[in-house]
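All of the numbers you see were taken from the coordinates with simple rules; none came from a lab. Not measured: the values here are computed from a predicted model.
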C-alpha cells in the first residue's frame, strides 16, 4: 500500500475498518463469483474496481462531500 493511502486510513476506528473490509469483501465476491460476470480475467476485475472508484468520485463531487 502506498504511503499516501496508509495516511488516509489512519484514524479510522477498528470497528469502522472492519465494516469497510466487509463491504470490500462483498464487492470482491460479487465480481469474482461468476454470478454477474462469468470467469472474469484479472484485467476485467481491475476494470470493475476502477468503475466503482469512478462512481464514488463522481458521487462525492456531485454531493460535495469528503
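Laid out as a table, the results:
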| item | result |
| --- | --- |
| Helix 42-63 axis, angle to the chain major axis (alpha carbon atoms, nearest 10°) | 40 degrees |
| Computed log₁₀ I(q)/I(0) - Debye formula, equal Cα scatterers, no solvent, the chain, q 0.26 Å⁻¹ | -1.18 |
| With Cα atoms, 0 to 90° folded angle of helix 14-32 axis to the chain main axis | 20 degrees |
